[in-house]
Amino acid sequence: MRVFLTGATGFIGSRIVPELIDAGHHVVGLTRSEAGGRVLEQAGAEAYLGTLEDPAGIASGVANADAVVHTAFDHDFSRFVENCEKDRRVIEAIGDVLAGSDRPLIITSGVGFGSPHPGALATEDVHNRDHHNPRLTEVAGETVAQRGVSVAVVRLPQVHDPVKQGLITWSIGIAREKGLSAYIGDGSNRLSAAHISDVARLYRLALDHHTSGARWHAVDEAGVPLHEIAQAIGAGLGVPVKSLTPVEAAEHFGGFAAFAAMDLPASSALTREKLGWVPTGPSLMADLHAMDYGLAAAA
């Protein structure tokens, strides 16, 4: 298939590219720069210049695609609500092109939307539309599905390797800036996780075995406690580790405090059963211990 991939030069998208090419697909990757285009071409993909700020331009690129995999998202947390709205506009623009066809659209969400209430295990058969996260991906997916688009969702946990670890990357930056690796309360709140190689493979399986309306969980570890993560960060940076009260956490983490307080365990039992997905990559803690914190500080 001719697959249009947004976020093709990003952390996850760049790993999906070889997965799709090795499976025999022709990848057209969205990139915002000519430098990114050269990277894609070197990887064997076709480059398409565009940005999330131009949904119409993305829609033009989708016109000749047999399938679309949407992984791009602007992770500037200082403008998170605005960026969630931007994501919604892109999905709806893509949906306008695919409406009435059987061409697959795979969109990207978070495992939290599979949790019926805070702290409950997230599962694939739940969509909590009242979740406090303002990200509108799945709502936009339902909107375009009503117009005849064949939509499936991949929900992500903390996707990691020894360089990046989702929300934890932000925690590392704050710990480096403040000279303190912190967690809230007893740090028993959890983050689910999966290695980037396993996540990329799941996107390929979700495409090759596309099921309209499906929700897939890219989860290897159901829940890693935040106090363990903070200890690994403290050891890596050589800074003390401390429990904070919610009030102290608001000052320490700033706008990131709400994310630091989240309890997001998740299951992937249905995904494994239906897609035959078996994660084999390193654990989150293994990657945190393998991380070169000095190199990260210089980046």
- Item | When residues of segment 130-146 are limited to those that are assigned to a loop (DSSP other than H, G, I, E, B) and at pLDDT below 95, the one surrounded by the fewest Cβ atoms within 10 Å (Cβ to Cβ) | Asp130
- Message: Return the pair list, or none, for Cβ contacts closer than 9 Å from residues in segment 162-181 that are outside any loop (DSSP other than H, G, I, E, B) to residues that are basic (Lys, Arg) and at pLDDT 95 or above, at least 6 apart or on different chains.
- Response: Ser181/Lys242
- Tell me, yes or no, whether segment 90-107 has at least one residue that is among the basic types (Lys, Arg), open to solvent by 20 Å² or more (accessible area, probe 1.4 Å) and not in a loop (DSSP other than H, G, I, E, B). no
- Note on the structure: By residue number, the members of segment 72-89 that are open to solvent by less than 50 Å² (accessible area, probe 1.4 Å) and among the aliphatic types (A, V, I, L, M) are Ala72
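Grab the helices (runs of 4 or more DSSP H) fully contained in segment 184-299, keeping just those with 2 or more residues being basic (Lys, Arg).
By residue number, 196-208, 269-275.
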- Note on the structure: Among strands (runs of 3 or more DSSP E) entirely within segment 1-56, at least 2 residues that are open to solvent by 30 Å² or more (accessible area, probe 1.4 Å) and more than 16 Å from Tyr203 (Cβ to Cβ) occur in 46-49
- Report yes if some residue within segment 189-198 is surrounded by fewer than 23 Cβ atoms within 10 Å (Cβ to Cβ) and either acidic (Asp, Glu) or modelled with pLDDT under 95 (or both); otherwise report no. yes
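The values are calculated or read from the model by the stated rules, or taken from the named source; none is laboratory data. Please read all numbers here as calculations on a predicted model, not as lab measurements. Glycine also receives a Cβ, built like all others from the backbone with ideal geometry; neighbour counts cover every protein chain displayed. Just so you know, the surface numbers come from the protein's heavy atoms only, side chains and all, with ligands and any DNA or RNA stripped out. Shrake-Rupley method; radii C 1.70, N 1.55, O 1.52, S 1.80 Å.
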